[in-house]
Ligand SMILES: Cc1cc2nc3c(=O)[nH]c(=O)nc-3n(C[C@H](O)[C@H](O)[C@H](O)COP(=O)(O)OP(=O)(O)OC[C@H]3O[C@@H](n4cnc5c(N)ncnc54)[C@H](O)[C@@H]3O)c2cc1C
């Protein structure tokens, strides 16, 4: 293995090599900026979050990585389907249908593969990618401005790298937001998740797949069912922490599968192929997106909820917008928080529309079918929201109508 030399200094340091970190690194390195990514793990590494949104395609194209991804053999996600408490399945919402605006398909991915392709692409674009290096500290100067980072390698050896710009893409670790105490957890919902994988001995999925979101009979929890290869499906349970995480996890998962006809049916003949994984406290937002010499992107900035698969898309979109803004800020010689955070208010407004869509999913009094029958002109807006298309369109009419429907 070639031993990589750690530079003494960099124009930009990126913490974390997930989708947000690699997106930022690609954009900054392509601009000729000396960019170093510190990733604490060694890729490929597993990660939850396998169902993508079509809106991610535009960012992949902008990064110049779309073709590599299309050759990776990921199954095409052609739409989404929902199953109600009674087990009644909606007809699939197919992105490409003319009545949905003929939208593009996307993929179900193995994250170890997706994230590695994206990170290798950053290196090809000129970023120095250092795996097995954990950022331990962001060092601030007298005026609270970033002056460097302290990292340790796999063996715990410390190194300091001088920089005046840090992009925090550390995912749910929220490195900077935690250190500064600006991470604000969602107070209205404290969901958790248990997930695992099921395998079939024979090939059972085609390369045209749907994400299924299925509610349990009493409506307190829901499942995702995401085929990620011909014979492997990712299955996750999401629900209130006190319901799914107290007691035995195996028993909690099994009893909820029993209480979900759409999932029960789909797991027949499949074998559990992995241990159980758990996530909790995943819904939060940082109250500041930027400060003097630092910017937060992806999950390090915030995460809404797994239900509409917004995570990876918002990770790469926020990183793209933040990186564009860094390039402008650097050309002006202004790395103040004001300058580095300029992209954020528009981003926050658009993400709030997706946040409302999530709230509507959890609102038992809201019925999407009935809402669209009452507001037929908003069908294409709903289609747009389901694909993540909030950066080229304005969803305020939809949000206003949803508020009226809910009597708000
Ligand atoms: C239960 C659940 C289900 C989900 N399902 C979906 C889904 O179906 N579709 C979807 O799009 N999203 C989903 N998500 C969200 C998705 O996983 C994230 O939004 C996405 O991974 C965010 O990308 P990121 O690059 O910001 O962070 P990550 O992908 O988490 O990358 C962060 C990287 O930073 C590294 N790191 C952390 N700290 C340090 C440090 N100190 N030094 C160096 N490196 C560090 C980590 O090792 C990691 O590789 C789900 C999330 C949860 C909780």
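Name every residue in the range 46-70 that is more than 17 Å from residue 119 (Cβ to Cβ) and either in the same structural domain as residue 259 (by TED's automatic domain parsing) or surrounded by fewer than 20 Cβ atoms within 10 Å (Cβ to Cβ) (or both), in order of residue number.
Of everything in the range 46-70, those that are more than 17 Å from residue 119 (Cβ to Cβ) and either in the same structural domain as residue 259 (by TED's automatic domain parsing) or surrounded by fewer than 20 Cβ atoms within 10 Å (Cβ to Cβ) (or both) turn out to be 48, 58, 61, 70.
For residues in the range 362-384 being touching a residue at least 40 places away in the same chain (Cβ under 8 Å) and crowded, with 17+ Cβ neighbours inside 10 Å, which is nearest to residue 222 (Cα to Cα)?
By that ranking, first place goes to 383.
Among the residues in the range 83-91, are any closer than 21 Å to residue 314 by Cβ and in the same structural domain as residue 208 (by TED's automatic domain parsing)?
Among the residues of the range 83-91, not one is closer than 21 Å to residue 314 by Cβ and in the same structural domain as residue 208 (by TED's automatic domain parsing), which makes the answer no.
Take the range 276-287 and flag every residue that is assigned to a loop (DSSP other than H, G, I, E, B) and crowded, with 16+ Cβ neighbours inside 10 Å.
Once the filter is applied, which keeps residues that are assigned to a loop (DSSP other than H, G, I, E, B) and crowded, with 16+ Cβ neighbours inside 10 Å, the range 276-287 yields 282, 283.
Within 16 Å of the chain's Cα centre (by Cα), closer than 24 Å to residue 400 by Cα and within 16 Å of the ligand (Cβ to nearest atom): is that true of residue 305 in this structure?
Answer is yes for this residue.
State whether the residues of the range 290-306 include one that is in a helix (DSSP H, G or I), surrounded by fewer than 19 Cβ atoms within 10 Å (Cβ to Cβ) and in the same structural domain as residue 141 (by TED's automatic domain parsing).
no
Taking the residues in the range 167-184 that are within 14 Å of the chain's Cα centre (by Cα) and assigned to a helix (DSSP H, G or I) as candidates, determine which candidate is farthest from the ligand (Cβ to nearest atom).
Checking each candidate, the answer is 172.
Could you list all residues from the range 146-166 that are near the ligand (Cβ under 9 Å from one of its atoms) and over 23 Å from residue 22 (Cβ atoms)?
Across the range 146-166, there are no qualifying residues.
Given the options 247, 156, 171, name the one that is assigned by TED's automatic domain parsing to the domain that holds residue 336, over 22 Å from residue 82 (Cβ atoms) and without any contact (Cβ under 8 Å) to a residue 24 or more places away in the chain.
Selected residue: 156, the only one of 247, 156, 171 that is assigned by TED's automatic domain parsing to the domain that holds residue 336, over 22 Å from residue 82 (Cβ atoms) and without any contact (Cβ under 8 Å) to a residue 24 or more places away in the chain.
Could you grab me the full set of residues in the range 46-65 that are over 17 Å from residue 229 (Cα atoms) and within 16 Å of the chain's Cα centre (by Cα)?
53, 54, 55, 56, 57, 58, 59, 60, listed by residue number.
For residue 312, indicate whether it is in contact with a helix residue (DSSP H, G or I) (Cβ under 9 Å, 6 or more places away or on another chain), in a helix (DSSP H, G or I), in contact (Cβ under 8 Å) with a residue 12 or more places away in the chain and surrounded by 19 or more Cβ atoms within 10 Å (Cβ to Cβ).
Considered against the rule, which asks whether it is in contact with a helix residue (DSSP H, G or I) (Cβ under 9 Å, 6 or more places away or on another chain), in a helix (DSSP H, G or I), in contact (Cβ under 8 Å) with a residue 12 or more places away in the chain and surrounded by 19 or more Cβ atoms within 10 Å (Cβ to Cβ), residue 312 comes out as yes.
The values are calculated or read from the model by the stated rules, or taken from the named source; none is laboratory data. Remember, it's a predicted structure, so these values are computed and weren't measured experimentally. No Cβ is skipped: glycine too gets one built from the backbone with ideal geometry, and neighbour counts run over all protein chains shown.
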